[in-house]
Each structure stands twice: as C-alpha cells, then as structure tokens.
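Q: Input: one structure, supplied below.
The values are calculated or read from the model by the stated rules, or taken from the named source; none is laboratory data. Since the model is a prediction, treat every value here as computed from it, not as a measurement. Methodologically, a virtual Cβ is constructed for each residue, glycine included, from the backbone with ideal geometry; neighbour enumeration extends over all protein chains shown. Remember, those area values only see protein heavy atoms, side chains included, never the ligands or the DNA or RNA. Shrake-Rupley method; radii C 1.70, N 1.55, O 1.52, S 1.80 Å.
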Amino acid sequence: MFSPKQLEILKFPYTEYNTLIGDGAVRTGKTIVMGISFISWSMNTFNGKNFGICGKTVKSAERNIIKELMKIKYLRETYEMKYSSSNSLLTIKRGNVTNYYYIFGGKDESSYQLIQGITLAGILVDECVLQPRSFIEQAIARCSVEGSKKFFNCNPESPEHWFLKEWIEQAEEKNALRIHFDLDDNPALSESVKEEYRRSYTGVFYKRYILGLWVRAE
C-alpha cells in the first residue's frame, strides 16, 4: 500500500520532469519508494547503461538502499540482482536487458573525483544535503545520456542550504518535481510508532525531522 505522495514518486519517470526531489520528515519511505521507481524506470527504458547510486558513503548507500531494495519481493521476482561489494556494483538483469548501478560515496570535497569521467543514464542520490556541492554537481554533469533522470531525497537542513536555494526553490526553472513529505505520508507507520518518533525529537530537530521544515539551528 502506497500513500498518494509515494505514488507520485512511482509515477515521476513517466512525467515530463527530468528531476525528482523528495524532501521532508524522517521515516516517510521516500528512499525505498524512490529506489523502486529508479530501478523500474531504468530497466524499462535502457539496456547496457550505467547508473549512479550515491550516499554519504558507499557503506551507507549499501545499507540504506542496496540491501533494502534486494529484500523487496517485487524486485526479486521481477529482476535478477547481483551486488559485488568489492566493485561497489549492482548488476540487474531481466531477459535480454542488463544495466549497471555503480555505488558512490560523497563524504568530502574530494569525492567528486570518484564519479568524474563516467557516463550515466541516471542518478539516485540519498540524503543529498549531507554531500558536498562539488560531488552533487559532478554527479549531475555525468548524466549525459538522452532521456536521463535524476532522483534526489533528503531531510531538511538550514534554510540557507545551497540545495534548498538552488534546486528546491528553483524547481520549476530546473524542470524538477518536488514532493514534500511529513510523517503522516507513510501508511506503513502505525499511530503508536509515529507518536514515538514525535516524542524522540524536540526543538529544531522536531521541526526538521517530524514536520519536515527547513529551519535554522537554535
């Protein structure tokens, strides 16, 4: 069962937008639903292409995205997925279609060099606000294949953050679809679990992680 906003993520690849931005509260399912959308779109659209999946580190991308996606029954039954941790490479096959998903970590200003040079048909960037601007912009520059799309997700940070200013606030100019989430946008969470999350945060962290607001640190 998907919420209306999660369904928007699944429908995004079949819109005129070339960029998706999902931001807002924690535990809203945006990372996993975005991963399903990313893989389904890429496997239905391309063959023999390279894609990028980016996290703060390679390990965090493996933990938050790769391992979770490989648990999903629909994906396991639809595709043959093999992950090589030594090469940080996820290979996905279905019939005669094979695509390659390279895992990158954007942990510091030198990280852009890791993604430099590769040609990509799309990127999925998890927690993009935690990665340096130089890395994000290099990842965007790598998407030179006709029909490529970019998928970004994040929890809010400061209202002065460059990603808010350059992408979210300029979504229309960037041909980007922005979907903003709060805690109630994940139907998989019970009311008791949501209430536990609400009790776990106060102040600026409550505003960012529960309400999904871009606010200054107090």
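Q: Could you tell me whether ILE123 is within 16 Å of VAL33 (Cα to Cα) and touching a Cys at 6+ places or on another chain (Cβ under 7 Å)?
A: yes
Q: Still on this structure, I have one more. In this structure, does ILE53 turn out to be in a helix (DSSP H, G or I) and at pLDDT 95 or above?
A: no
Q: In the stretch 199-216, what residues are exposed (fewer than 14 other Cβ atoms within 10 Å of the Cβ) and touching a Leu at 6+ places or on another chain (Cβ under 9 Å)?
A: The answer is none; no residue qualifies.
Q: Further, regarding this structure: If we scan the stretch 175-183, do we find a residue that is in contact (Cβ under 8 Å) with a residue 40 or more places away in the chain, more than 15 Å from VAL26 (Cα to Cα) and not in a strand (DSSP E or B)?
A: yes
Q: How about the stretch 54-98: which of its residues are open to solvent by 20 Å² or more (accessible area, probe 1.4 Å), of a type outside the set (D, E, K, R) and within 16 Å of the chain's Cα centre (by Cα)?
A: Passing the criteria: THR57, VAL58, ASN64, MET70.
Q: Return only the number of the condition from (1) open to solvent by 20 Å² or more (accessible area, probe 1.4 Å); (2) within 15 Å of the chain's Cα centre (by Cα) that ASP184 does not satisfy.
A: With respect to (1) open to solvent by 20 Å² or more (accessible area, probe 1.4 Å); (2) within 15 Å of the chain's Cα centre (by Cα), ASP184 is out only on (2).
Q: Next question. Among the residues of the stretch 105-140, which ones are in a strand (DSSP E or B) and either surrounded by fewer than 15 Cβ atoms within 10 Å (Cβ to Cβ) or at pLDDT below 95 (or both)?
A: Scanning the stretch 105-140 gives a single hit, GLY105.
Q: To continue, here is another question. Quick check on the stretch 4-15. Is at least one of its residues within 18 Å of ASP126 (Cα to Cα), of a type in the set (A, V, I, L, M), open to solvent by less than 20 Å² (accessible area, probe 1.4 Å) and assigned to a strand (DSSP E or B)?
A: no
Q: Next question, about the same structure. Residue by residue through the stretch 73-89, note down the ones that are part of a loop (DSSP other than H, G, I, E, B) and within 25 Å of GLY106 (Cβ to Cβ).
A: SER85, SER86, ASN87, SER88
Q: Which of the residues that make up the stretch 143-165 are of a type in the set (D, E, K, R) and either out of contact with any helix residue (DSSP H, G or I) (no Cβ under 8 Å at 6 or more places or on another chain) or farther than 30 Å from ASN47 by Cα (or both)?
A: GLU146, GLU157, GLU160, LYS165 - these are the residues of the stretch 143-165 that are of a type in the set (D, E, K, R) and either out of contact with any helix residue (DSSP H, G or I) (no Cβ under 8 Å at 6 or more places or on another chain) or farther than 30 Å from ASN47 by Cα (or both).
Q: Would you please list the contacts, defined by Cβ atoms under 7 Å and residues six or more apart or on different chains, that run from a residue in the stretch 124-147 that is under 17 Å from PHE12 (Cβ atoms) and of a type in the set (Asp, Glu) to a residue that is open to solvent by less than 10 Å² (accessible area, probe 1.4 Å) and in a strand (DSSP E or B)?
A: The qualifying pairs are ASP126/CYS54; ASP126/GLY55; ASP126/ASN153.
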